[in-house]
């Protein structure tokens, strides 16, 4: 997926440096900060839980799709690399889903509806449709990326190496929560924020002449045709985002707690514990590794106990100081 | 003295539901405080070449995810644990706070496939996730953020991205502080049950956007005033120091075990 994103980002960077004046460069950084923070806004959901919006379509509408692409990419990079919330290998896939599919598809649908339905109603319908469909298409892409993995990557014993669930499981698992909840949250949030900005400060929203929509059409058609191909090609070349991606879902905080009972037959016949014996390595290697791991775990445990004690002492001191 | 002044006030506001405001505050506060804590330099941190560290981390993650050998995964897990155990307790705690939930989530989500006979796979994938997340966490926790962007320049990333990356970190701090004060204001001014809070959330996001527009203009003006065109130069050439032998040795060991364990 990283390979698929490189040309997109290169074009985006050229577009932004070439066409956009230097004036807009700060806006990209600040837009990225904005999108990073938008992902942290929790929205109440029925049933007392909360969820968060991605804001890809929102950014595409207010900043323009190319700027949104760069902004979301940067926000994801900061999350993965600087905050250490995992997702280094999934970075390419995440960028494709969240920095490319959502802004461009969302923006295209928004423009499409807005150009056809006149007035405010058309605008808001476009926003809602764009953000809802954009997010769900991104979720579908992610589900395909998950579901393709057991087909592509198997161990010698025929067991899946990364994500073990086939498409028939991963697509409903990803799509049902997104169609039902996350997409609705995204649509409501996008419409509400854009209508606020329109009311509070009209004219700040990115305006693009209708003549420039045409290249978007072609780009989008190409995207739709290429996306399954790109998935396959990038999968065989890269493929290693599997394990990491699962971890990144946690940091993304997405609603993925749903696992349908639809496991395919392929798993039933596998032997529990295929041989772990390591060829070409003496037995003691395993002992050394486990000894090192055990020692390290002990050191970590003692350090953490020490830390806990320190904080207890500190709070006690503070309390005694306060009581005096 | 009017009569109503003598009465005791008996207004008990109904309990309000504002978990989502609290959660937003908590997550934004977390991000902002992490950025602020990173700007404090600690002299005791190992001065390894950040580019070397980044390259080693990427190599380790790539090999772990490519590897089919359980032994290699366990070896890199032991290596990571050893590195982790050398750090300060606060840092260990911070890394573990990310690693353990990620591993637990992976394990839980893979559990149904274990019932169908893929138990070894479940264990391997969980360990892989834990090790890769720990590697990134350790890297980001022990490396100065300025050094990370510098290391990206060595990796030939375009200047535009680095500039935007730097600006983003700064403005997450600034805009984060702004949104925190707006969220606090929303919380403090909601007396009793306030059903309009959800609507105010979009107002906060909208104001944040308008504010960021204004800030971008200010930043552009500041760039112009200082004749900064957005082009970066590395001030200090990345020197190879004797301490760089450690990541190199670790890389060699990782590669050796990867090949020896049959990939």
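The condition of being crowded, with 17+ Cβ neighbours inside 10 Å and either within 30 Å of residue B:74 (Cβ to Cβ) or free of Cβ contacts under 8 Å to residues at least 24 places away in the same chain (or both) holds for only one of B:121, B:150, that being B:121. Of all residues in the stretch B:181-198, none are closer than 20 Å to residue B:35 by Cβ and either within 7 Å of chain A (Cβ to nearest Cβ) or within 20 Å of the chain's Cα centre (by Cα) (or both).
Results for (1) within 14 Å of another protein chain (Cβ to nearest Cβ); (2) within 17 Å of residue A:38 (Cα to Cα); (3) within 10 Å of the chain's Cα centre (by Cα), shown as yes or no for each residue.
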residue	(1), (2), (3)
A:74	yes, yes, no
A:80	yes, yes, no
A:83	yes, yes, no
A:99	yes, yes, yes
A:105	no, no, no
A:111	no, no, no
A:115	no, no, no
A:124	yes, no, no
A:143	yes, no, no
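Summed over the stretch B:140-165, residues that are within 7 Å of chain A (Cβ to nearest Cβ) and within 12 Å of residue A:82 (Cα to Cα) total 5.
The selection criterion, being within 7 Å of another protein chain (Cβ to nearest Cβ) and either assigned to a helix (DSSP H, G or I) or surrounded by fewer than 18 Cβ atoms within 10 Å (Cβ to Cβ) (or both), holds for residue B:205.
Within the stretch B:92-116, the residues that satisfy the criterion of being over 18 Å from the mean Cα position of the chain (by Cα), over 13 Å from residue B:129 (Cα atoms) and buried (at least 19 other Cβ atoms within 10 Å of the Cβ) are B:112, B:113. Filter the stretch B:1-54 down to residues that are away from chain A (no Cβ under 11 Å) and crowded, with 17+ Cβ neighbours inside 10 Å and give me whichever is modelled with the lowest pLDDT. Only one residue tops the list, namely B:48. For residues that are modelled with pLDDT under 65 and not in a loop (DSSP other than H, G, I, E, B), scanning just the stretch A:156-214, find the one that is surrounded by the fewest Cβ atoms within 10 Å (Cβ to Cβ). Step by step, filter the stretch A:156-214, then rank; the result is A:211.
One residue stands out in the stretch A:34-56 among those that are part of a loop (DSSP other than H, G, I, E, B) and within 20 Å of residue A:133 (Cα to Cα): the one that is modelled with the lowest pLDDT, namely A:45.
To keep it simple, each residue is scored yes or no on (1) touching a strand residue (DSSP E or B) at 6+ places or on another chain (Cβ under 6 Å); (2) outside any helix (DSSP H, G or I); (3) more than 27 Å from residue B:195 (Cβ to Cβ); (4) at pLDDT below 80.
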position: A:12; (1), (2), (3), (4): no, no, yes, yes
position: A:28; (1), (2), (3), (4): no, no, yes, yes
position: A:32; (1), (2), (3), (4): no, no, yes, no
position: A:58; (1), (2), (3), (4): no, no, no, no
position: A:73; (1), (2), (3), (4): no, no, yes, no
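The requirement of being surrounded by fewer than 22 Cβ atoms within 10 Å (Cβ to Cβ) and facing another protein chain (nearest Cβ under 8 Å) is satisfied by residue B:89.
The values are calculated or read from the model by the stated rules, or taken from the named source; none is laboratory data. Because the structure is a prediction, the values reported are computed rather than measured. FYI the Cβ positions are ideal-geometry reconstructions off the backbone, even for glycines, and counts take in every protein chain you see.
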